[in-house]
Amino acid sequence: MGLRVLFIDQDQFFTEICAKRFKESEADLLCAARGCEGIALAEKEQPHAIVLDLKLAEGDGFQVLESLISNERTKDIPLFVYTSLGTKEDIERCLELGAAEYLLKTQHPPESVLSLIQRVIADVSQSKAKTVY
């Protein structure tokens with residue numbers, strides 16, 4: 001099974017660009033334009049990673065982040081904030097809430113986001129493999 005990534009982003013054009021880039025790398029992209037839809041998809045599909053834009057048409061990206069991080073079914077899925085909002089306060093808040101990374105759309109093309117996701121997932125898998133029970 002290939003890498004499955006959930007994008008929660010209201011910008012359909014940008015999501016389509018990302019979907020094309022991810023598909024070229026044999027990664028599947030699930031898409032949600034609204035926060036509640038994204039949370040439901042994350043619970044149902046259990047993607048390998050979640051990419052969240054803080055600017056959503058319906059709902060607050062910070063609330064979606066908090067919901068995903070505190071949800072028993074989604075709390076262990078690495079969550080990447082990928083947004084155009086770049087204030088120091090936004091970055092600190094997201095990282096304190098538990099985001100794996102905070103990425104600015106203007107500085108990170110979709111290919112670099114996919115590479116980072118793959119690296120983080122590999123690190124998580126490797127650390128789980130080292131756990132002795």
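The values are calculated or read from the model by the stated rules, or taken from the named source; none is laboratory data. Computed from a predicted model, the values in this text were never measured in an experiment. Reconstructed Cβ throughout: ideal geometry from the backbone, glycine too, with neighbour counts over all protein chains shown. The protein model used for the area step is the full one, side chains on, heavy atoms only, and it has no ligands, DNA or RNA in it. Shrake-Rupley method; radii C 1.70, N 1.55, O 1.52, S 1.80 Å.
Laid out as a table, the results:
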| quantity | calculated |
| --- | --- |
| Trypsin sites (Lys or Arg not before Pro) restricted to region 38-133 and DSSP loop, no more than 15 other C-beta within 10 Å | Lys55, Arg73, Lys75 |
| Net charge of neighbours whose Cβ lies under 12 Å from the Cβ of Tyr82, counting Lys and Arg as +1 and Asp and Glu as -1 | -2 |
| Cβ crowding within 10 Å averaged over residues, with 22-29, 2-9 ranked highest first | 2-9, 22-29 |
| Tally of Lys pairs whose C-alpha atoms are under 25 Å apart, taken over the chain, 8 or more apart or cross-chain | 17 |
| Total formal charge among the other residues, if their Cβ is under 15 angstrom from that of Ala42, Lys/Arg +1 and Asp/Glu -1 | -4 |
| Accessible area in square angstrom per residue, the chain, 1.4 angstrom probe | 57 |
| Gyration tensor (alpha-carbon) shape descriptor, the chain, a/c threshold 1.5 | rounded |
| Size of charge dipole - the chain - debye, nearest 20, with Cβ of Lys, Arg +1 and Asp, Glu -1, no other charges | 360 |
| Percent carbon-and-sulfur accessible area, the chain, ignoring ligands, DNA and RNA, probe 1.4 Å | 50 |
| R0 of 30 Å, Cβ-Cβ distance Thr87-Glu37: FRET efficiency to nearest 0.05 | 0.70 |
